[in-house]
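Visitor: Take this structure, written in structure tokens, and hold onto it; I'll ask about it next.
The values are calculated or read from the model by the stated rules, or taken from the named source; none is laboratory data. No experiment lies behind these values; they were computed from the predicted model shown. Backbone-built Cβ (ideal geometry, glycine too); neighbour counts: all protein chains shown.
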Amino acid sequence: MIIVNFKKTRDDAILPERKTSGSAGYDLYALLDEESILLLPGEKYKFRTGASMELPSGYCAFVSSRSSVSWNQDLEIIGGNGTIDDDYRGEIMVPLRNVGRGAQRVYNGQRIAQLVIQKYETVKFNEVKDLNKTERGEGSFGSTGR
């Protein structure tokens, strides 16, 4: 287990929470100045969470969609997910877009995304003239079957 320091940027913020012992993600909560925000189809909004953190060196965090929010409300993280580097100290933000056909309401204090913390490796890229051959080779999208 690692220790991650968190700081509330506003007193009414809810810090990320892990709901079960087997959960990899920690829920992130919308922090709004009003009771709710209505997102029309195609509309996007950058939600505040009111939390910032200090990741240990060698760790990063990913802001990912919550399956229930994506499935039930057609709200998805813009760009698929967001990466938070270990040297970032700003507030965690959640950019959501309404990809559905109807308007969707997001409420203050609603769980809108999840935070997954992961260790990463640093690498040194070594330029070579040729790469080792493999069975797959240069086969791309769909090259291993459906």
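Visitor: Just to be sure I understand, how many residues within region 16-34 are within 18 Å of Pro95 (Cα to Cα) and in a loop (DSSP other than H, G, I, E, B)? Full working, then the answer.
Guide: So the first thing to find is which residues in region 16-34 are within 18 Å of Pro95 (Cα to Cα), and the list is 16, 25-34.
Now restrict to residues that are in a loop (DSSP other than H, G, I, E, B): 16, 25, 30, 32-34.
Result for region 16-34: 6.
Visitor: Considering only region 37-45, I want to know if a residue exists there that is free of Cβ contacts under 8 Å to residues at least 40 places away in the same chain and part of a loop (DSSP other than H, G, I, E, B). Quick ask: steps written out before the conclusion?
Guide: Applying the first criterion (free of Cβ contacts under 8 Å to residues at least 40 places away in the same chain) to region 37-45 yields none.
The answer is no; no qualifying residue exists.
Visitor: Among all residue pairs at least 6 apart or on different chains, which show Cβ distances below 8 Å where the first residue, located in region 1-22, is within 14 Å of Ile112 (Cα to Cα) and without any contact (Cβ under 8 Å) to a residue 40 or more places away in the chain and the second is aliphatic (A, V, I, L, M) and surrounded by 13 or more Cβ atoms within 10 Å (Cβ to Cβ)?
Guide: Ala13/Leu31; Ala13/Ala51; Leu15/Ala51
Visitor: Do we find that Arg111 is of a type in the set (Lys, Arg) and surrounded by 10 or more Cβ atoms within 10 Å (Cβ to Cβ) in this structure?
Guide: Numbers: of a type in the set (Lys, Arg): yes; surrounded by 10 or more Cβ atoms within 10 Å (Cβ to Cβ): yes.
It is true that Arg111 is of a type in the set (Lys, Arg) and surrounded by 10 or more Cβ atoms within 10 Å (Cβ to Cβ).
Yes/no matrix, rows are residues, columns are (1) in a loop (DSSP other than H, G, I, E, B); (2) at pLDDT below 95; (3) at negative phi:
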position: Asp87; (1), (2), (3): yes, no, yes
position: Met93; (1), (2), (3): no, no, yes
position: Leu115; (1), (2), (3): no, no, yes
position: Thr122; (1), (2), (3): yes, yes, yes
position: Asn126; (1), (2), (3): yes, no, yes
position: Thr134; (1), (2), (3): yes, yes, yes
position: Phe141; (1), (2), (3): yes, yes, yes
position: Gly145; (1), (2), (3): yes, yes, no
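Visitor: Of the residues that sit in region 66-87 and are out of contact with any Ser or Thr (no Cβ under 7 Å at 6 or more places or on another chain), touching a residue at least 24 places away in the same chain (Cβ under 8 Å) and closer than 19 Å to Gln118 by Cβ, which one is surrounded by the most Cβ atoms within 10 Å (Cβ to Cβ)?
Guide: Arg66
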